[in-house]
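Visitor: I have a structure I would like to understand better, so I am pasting it below and will then ask my questions one at a time.
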Amino acid sequence: MNVLGIETSCDETSAAIVADGMHVRSCVIASSRDAFSLSGGVIPEQAAREQIRSMQPVIDQALAQAAIPSRDVDLIAVTRGPGLLGSLLVGSVTARTLATLWKKPLIGVHHTLGHLSSTWLSAPEPPQFPMLTLSASGGHTELWL
């Protein structure tokens, strides 16, 4: 199974292809760090505008790096929150549009849970539950059991 993952929770635009839930075939990130260097922080409206410009090229590059056509994508996953509203809208509208055009299922992924479960990618063994984890990501610091 090939999953196209789209992440736009803050100021970066990312797309990845993950095979069989564990193997990263490609991961492309368009950073807007330079755009915010003079302001000293993220400007939400500007972040969303940068993501609109970056989204399709990032997805195209992720598909190319994974060497798969869009017809071989089995599912689309997108960050559903928490994050900057405008940025989340860019990712979710893109994902919903592609899911409709490509006739693929769509799943929303919790931003923090995505961080936590990313450590299982390419792991030698599946995770053992129950487990206690800490996520410290921007303003979203949480303990998960």
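Visitor: Please calculate how many Å² of accessible area segment 10-145 carries per residue, with a 1.4 Å probe and no DNA, RNA or ligand atoms counted.
Guide: Value for segment 10-145: 60 Å² per residue.
Visitor: May I ask for the net charge around Met55, where only other residues with Cβ less than 14 Å from the Cβ of Met55 are counted and Lys, Arg are +1 while Asp, Glu are -1?
Guide: Overall, the nearby charge balance is -2.
Visitor: What does the helix-only formula give at 222 nm for the chain: each DSSP H stretch with n ≥ 4 adding -39500 (n - 2.57), the total divided by the residues, and the result rounded to the nearest 500 deg cm²/dmol?
Guide: Using -39500 (n - 2.57) per qualifying helix, the result is -11000 deg cm²/dmol.
Visitor: Right, next: Can you give me the span-like helices of the chain, meaning DSSP H runs with 20 Å or more of Cα extent along the axis and Kyte-Doolittle mean at or above 1.0?
Guide: 85-102
Visitor: Provide the percentage of antiparallel DSSP beta bridges, counting only those with both residues in the chain; round to the nearest 5.
Guide: 65 percent
Visitor: Would you mind calculating the relative contact order of segment 16-145 from Cα pairs under 8 angstrom and at least 6 residues apart, reporting the percent as a whole number?
Guide: Relative CO of segment 16-145 lands at 22 percent.
The values are calculated or read from the model by the stated rules, or taken from the named source; none is laboratory data. Keep in mind the model is a prediction, meaning the values are calculated, not measured. In this analysis, Cβ positions are derived from the backbone assuming ideal geometry, glycine residues included, and neighbour counts consider all displayed protein chains. Note: areas computed on protein heavy atoms with side chains; ligands, DNA, RNA excluded. Shrake-Rupley method; radii C 1.70, N 1.55, O 1.52, S 1.80 Å.
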